[in-house]
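Participant: Below are the structure tokens for one structure; questions will follow.
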Amino acid sequence: MSTLILIRHGQASFGTDDYDRLSELGLSQSAILGRYWARRGRGFDAVFSGAMERQKQTLRAVGEILQKSGLGFPEGGIITGFNEYDARGIMTYLYPRLLEEDQRIKEVAKSYPGIGDGSPEGRRAFQQVFEIVLDRWLDDPNPGPGTESYRLFQDRVVAGIERIRSEYASGKTVAVFTSGGAISIALKHALGLSGRKALSLQWIIKNTSITEFTYSRDRFTLTGFNQTPHLEDEGMITYR
């Protein structure tokens with residue numbers, strides 16, 4: 001048996017011009033995870049991330065701690081299959097249409113025009129709208145120019161998982177730094193969940209949480225979900 005560990009990136013910079021980078025808190029979360037693993041002598045046979053900056057930054061922050069500890073850390077590779085879905089593209093395409101069609105979105109937009117402005121109220125309003133938009137995305141085979149469908153997103157994440165299973169097939173431990181949506185697809189793949197059930201789980205996946213699978217030629221089994229033993233201070237726990 002081998003082990004695949006999926007780590008969600010640290011807190012990103014929601015509400016800023018560049019979401020795809022870690023916040024100061026996200027960098028701290030990542031360093032705490034590195035120190036946690038260093039204390040426990042955690043080693044890896046291979047390490048990867050998606051190509052997104054917040055994923056790569058999390059890998060680097062963890063890796064620097066482990067290298068300084070003397071444990072060593074493999075050079076990180078890139079598997080683009082573990083990139084997150086294109087939230088901006090999905091919102092750009094579907095939100096204007098649903099703003100005309102969906103009464104729930106109309107009510108949110110009317111009650112709080114500053115959706116996504118970084119305030120607590122704006123974050124809550126954005127979350128309400130985003131969940132409705134993603135629910136529609138699940139069933140849309142062609143969600144706008146240059147934006148992949150849920151099916152294509154699912155297929156590329158699974159292809160990334162199968163690549164690891166093929167290349168690290170016996171007694172290996174592989175870590176991948178990725179995002180909540182990609183982790184939800186891995187859960188779907190392991191547990192046979194519906195698309196909606198799997199996607200709903202992404203909302204509870206914590207930043208720098210650990211989700212673990214064991215695998216062999218014939219099996220891919222969930223052994224741990226959304227674990228954050230390194231974040232002992234509850235104030236460090238975030239979901240975006």
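The values are calculated or read from the model by the stated rules, or taken from the named source; none is laboratory data. Note that the coordinates shown come from a computational prediction; the quantities given were computed from them, not determined experimentally. Glycine gets a Cβ as well: all are built from the backbone with ideal geometry, and neighbour counts include every protein chain shown.
Participant: Within region 66-93, count every residue that is under 29 Å from residue 125 (Cβ atoms), more than 20 Å from the chain's Cα centre (by Cα) and polar (S, T, N, Q).
Facilitator: Final tally of qualifying residues: 1.
Participant: Being at pLDDT 85 or above, over 30 Å from residue 24 (Cβ atoms) and either assigned by TED's automatic domain parsing to the domain that holds residue 177 or crowded, with 19+ Cβ neighbours inside 10 Å (or both) is true for just one of 65, 78, 90, 105. Which residue is that?
Facilitator: Residue meeting the stated conditions: 105.
Participant: Across region 94-124, what is the total count of residues that are without any contact (Cβ under 8 Å) to a residue 24 or more places away in the chain and under 21 Å from the mean Cα position of the chain (by Cα)?
Facilitator: Residues flagged as without any contact (Cβ under 8 Å) to a residue 24 or more places away in the chain and under 21 Å from the mean Cα position of the chain (by Cα) within region 94-124 amount to 1.
Participant: Next up: Scan region 209-229 and tell me whether some residue there is in the same structural domain as residue 41 (by TED's automatic domain parsing), assigned to a loop (DSSP other than H, G, I, E, B) and of a type in the set (Asp, Glu).
Facilitator: yes
Participant: Mind checking whether some residue in region 27-43 is buried (at least 16 other Cβ atoms within 10 Å of the Cβ), aliphatic (A, V, I, L, M) and under 29 Å from residue 170 (Cα atoms)?
Facilitator: Taking every residue of region 27-43 in turn, at least one turns out to be buried (at least 16 other Cβ atoms within 10 Å of the Cβ), aliphatic (A, V, I, L, M) and under 29 Å from residue 170 (Cα atoms).
Here's the yes/no breakdown for (1) out of contact with any helix residue (DSSP H, G or I) (no Cβ under 9 Å at 6 or more places or on another chain); (2) of a type in the set (Lys, Arg):
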site: 150; (1), (2): no, no
site: 166; (1), (2): yes, no
site: 185; (1), (2): no, no
site: 213; (1), (2): no, no
site: 217; (1), (2): no, yes
site: 222; (1), (2): no, no
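Participant: Here is a list: 191, 187. Which entry is surrounded by fewer than 17 Cβ atoms within 10 Å (Cβ to Cβ), modelled with pLDDT of 95 or more and touching a strand residue (DSSP E or B) at 6+ places or on another chain (Cβ under 9 Å)?
Facilitator: When all the criteria are applied, what remains is 191.
Participant: Could you grab me the full set of residues in region 151-172 that are in a helix (DSSP H, G or I) and over 22 Å from the mean Cα position of the chain (by Cα)?
Facilitator: 166, 167
Participant: When the residues of region 138-170 are filtered to those that are modelled with pLDDT under 95 and in contact with a strand residue (DSSP E or B) (Cβ under 8 Å, 6 or more places away or on another chain), which remaining residue is nearest to residue 186 (Cα to Cα)?
Facilitator: Among residues in region 138-170 that are modelled with pLDDT under 95 and in contact with a strand residue (DSSP E or B) (Cβ under 8 Å, 6 or more places away or on another chain), the one nearest to residue 186 (Cα to Cα) is 169.
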